[in-house]
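**Student:** This is the structure, below, for whatever I ask next.
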């Protein structure tokens, strides 16, 4: 029968020094990753706002065609920062709010016309291209541009409007 020798055997686990070194390395790595993570989060908020606005523009356009009348998209309260609503402007359902969005938050604001209207053909009432800029309030730079062409179709792209 063999006997295990306990002389010179090292017990399992980590020493306090090894654990502190690993923690210090992790702190350095995390502190380097945090600024890029906040940029990623900010970018995702702007993309989400852009997606919500484009989907509501498409809703307003389709409602105008369905109702055969003017449907508008306007800011709530003091402007677009308080959110927006899609409202039927003509016919039996005049004044009916079809869709309502909440405020975007303090980090994002919109540069947009006070009112965007679609006629019964799904085209913008203005008769020209409409541009909406989504701006990062922290950096004060345009991050997304939503263009509505003459046919009334919105499309979003990165960067400012030309």
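The values are calculated or read from the model by the stated rules, or taken from the named source; none is laboratory data. Being a predicted model, the structure only gives us computed values, none of them experimental. For neighbour counting, all protein chains shown are included, and Cβ atoms are generated from backbone atoms with ideal geometry for every residue, glycine included.
**Student:** Kindly establish whether residue 83 is in contact (Cβ under 8 Å) with a residue 24 or more places away in the chain, within 27 Å of the chain's Cα centre (by Cα), closer than 25 Å to residue 160 by Cβ and surrounded by 13 or more Cβ atoms within 10 Å (Cβ to Cβ).
**Tutor:** no
**Student:** Something else now. Going through segment 119-155 one residue at a time, which ones are crowded, with 18+ Cβ neighbours inside 10 Å, in contact (Cβ under 8 Å) with a residue 24 or more places away in the chain and under 16 Å from residue 109 (Cα atoms)?
**Tutor:** Answer for segment 119-155, where residues must be crowded, with 18+ Cβ neighbours inside 10 Å, in contact (Cβ under 8 Å) with a residue 24 or more places away in the chain and under 16 Å from residue 109 (Cα atoms): 132, 134, 135, 136, 143, 144, 146.
Table: residues versus (1) in contact with a helix residue (DSSP H, G or I) (Cβ under 9 Å, 6 or more places away or on another chain); (2) farther than 30 Å from residue 138 by Cα.
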{"position": "54", "(1), (2)": "no, no"}
{"position": "62", "(1), (2)": "no, yes"}
{"position": "67", "(1), (2)": "no, yes"}
{"position": "71", "(1), (2)": "yes, yes"}
{"position": "75", "(1), (2)": "no, no"}
{"position": "97", "(1), (2)": "no, yes"}
{"position": "104", "(1), (2)": "yes, no"}
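**Student:** Which one of these does residue 90 not meet: (1) at pLDDT 80 or above; (2) more than 22 Å from residue 160 (Cα to Cα); (3) more than 22 Å from the chain's Cα centre (by Cα)?
**Tutor:** (1)
**Student:** Take the residues of segment 104-118 that are in a loop (DSSP other than H, G, I, E, B) and touching a residue at least 24 places away in the same chain (Cβ under 8 Å): which is nearest to the chain's Cα centre (by Cα)?
**Tutor:** Across segment 104-118, the extreme among qualifying residues is 104.
**Student:** Taking the condition of being modelled with pLDDT under 90 and more than 15 Å from residue 110 (Cα to Cα), how many residues in segment 43-65 meet it?
**Tutor:** Adding up the residues that qualify gives 1.
**Student:** Right, something else. Check residue 104 against each of (1) more than 19 Å from residue 149 (Cβ to Cβ); (2) touching a strand residue (DSSP E or B) at 6+ places or on another chain (Cβ under 6 Å); (3) crowded, with 20+ Cβ neighbours inside 10 Å and name the one condition it does not meet.
**Tutor:** So residue 104 meets the others, but not (2).
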